[in-house]
1. Restricting region 145-194 to residues that are hydroxyl-bearing (S, T, Y) and in a loop (DSSP other than H, G, I, E, B), which is nearest to P96 (Cα to Cα)?
2. Could you give every pair whose Cβ atoms fall below 9 Å, whose first residue belongs to region 116-140 and is basic (K, R), and whose second residue is open to solvent by less than 40 Å² (accessible area, probe 1.4 Å) and in a loop (DSSP other than H, G, I, E, B), counting only separations of at least 6 or pairs across chains?
3. If I filter region 76-86 for residues that are over 18 Å from the mean Cα position of the chain (by Cα), free of Cβ contacts under 8 Å to residues at least 60 places away in the same chain and assigned to a loop (DSSP other than H, G, I, E, B), do I get at least one hit?
4. Give me the pairs, please: first residue somewhere in region 25-51 and open to solvent by 50 Å² or more (accessible area, probe 1.4 Å), second residue anywhere and assigned to a loop (DSSP other than H, G, I, E, B) and at pLDDT below 90, beta-carbon distance under 8 Å, and either six or more positions apart or on two chains.
5. Of the conditions (1) under 17 Å from L65 (Cβ atoms); (2) open to solvent by 60 Å² or more (accessible area, probe 1.4 Å); (3) out of contact with any Phe, Trp or Tyr (no Cβ under 7 Å at 6 or more places or on another chain), D179 clears all except one; give me its number.
6. Output yes when any residue across region 151-167 is within 21 Å of R48 (Cβ to Cβ) and over 20 Å from the mean Cα position of the chain (by Cα), and no when none is.
Amino acid sequence: MRGVRFGIAVWAALICASSTVPLASTPQAANGTKTIPLLLEKDEGERRVVRGWPGHPDPGETFVLKVDPKNGGSSHLVFFTAEVPPGGAIDTHRHPGADEILFLQTGSARVYLGDAVRDVHAGATIFIPANTWISVTNTGKEVISFECVFSAPGFEQFMRETSALEGEKNVPLTQAENDALEKKHAHDVIYKEP
């Protein structure tokens, strides 16, 4: 009997709460934008191509921004997918303001994480605490597909500004543009000098 009364009280509280807050409302993120639930297939999202870098003028890898302040309105998380071709690499860098998780879906890689070096394979999870140096080199014969999750927004905006939407004209960055963007986003990403 006690459980029934508790159940009725909870049910009544839910009815009262639902009468004051419409069920169809969309929650607001801390940044004031509306959050939007998303269901995305593998290739869906904001598809972008990295612009050529000074010394590497050809356009780079394609990545897909899935969830961030612009896509879904998340004020807490960033999620994107990317690929690295055989012999390709993610240059040594660190993220001062966010933890990161990399999940390798396919391929083999050599990972330099802080003071550790390890060869990893499809299914590997790499946790990168904020301010930890990381680099990844594709050591296999197939493309590495990976997923990235960040604990705070910021880096995705750097990625946006150093890329073009897939299908748009892709102009390589000049050294001056590259330097200015790295300075502007120094709180999001710092690359180690070669």
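The values are calculated or read from the model by the stated rules, or taken from the named source; none is laboratory data. Since this is a predicted model, take the numbers as computed values, not measurements. Cβ sites come from the backbone with ideal geometry, for glycine too, and all protein chains shown count toward neighbours. The area values use the complete protein model at the heavy-atom level, side chains included, leaving out ligands, DNA and RNA. Shrake-Rupley method; radii C 1.70, N 1.55, O 1.52, S 1.80 Å.
1. Within region 145-194, the first condition is being hydroxyl-bearing (S, T, Y), and the residues that meet it are 145, 151, 162-163, 174, 191.
Those left that are additionally in a loop (DSSP other than H, G, I, E, B): 151, 162, 174.
Numbers: S151: 11, T162: 19, T174: 25 Å.
Checking each candidate, the answer is S151.
2. R118/A124
3. Filtering region 76-86 down to residues over 18 Å from the mean Cα position of the chain (by Cα) leaves 85-86.
Adding the requirement that they be free of Cβ contacts under 8 Å to residues at least 60 places away in the same chain leaves 85-86.
Retained after the next criterion (residues that are assigned to a loop (DSSP other than H, G, I, E, B)): 85-86.
There is at least one residue in region 76-86 that is over 18 Å from the mean Cα position of the chain (by Cα), free of Cβ contacts under 8 Å to residues at least 60 places away in the same chain and assigned to a loop (DSSP other than H, G, I, E, B).
4. K34/T26; K34/P27; I36/T26
5. Just one mismatch for D179, condition (1).
6. The answer is yes; a qualifying residue exists.
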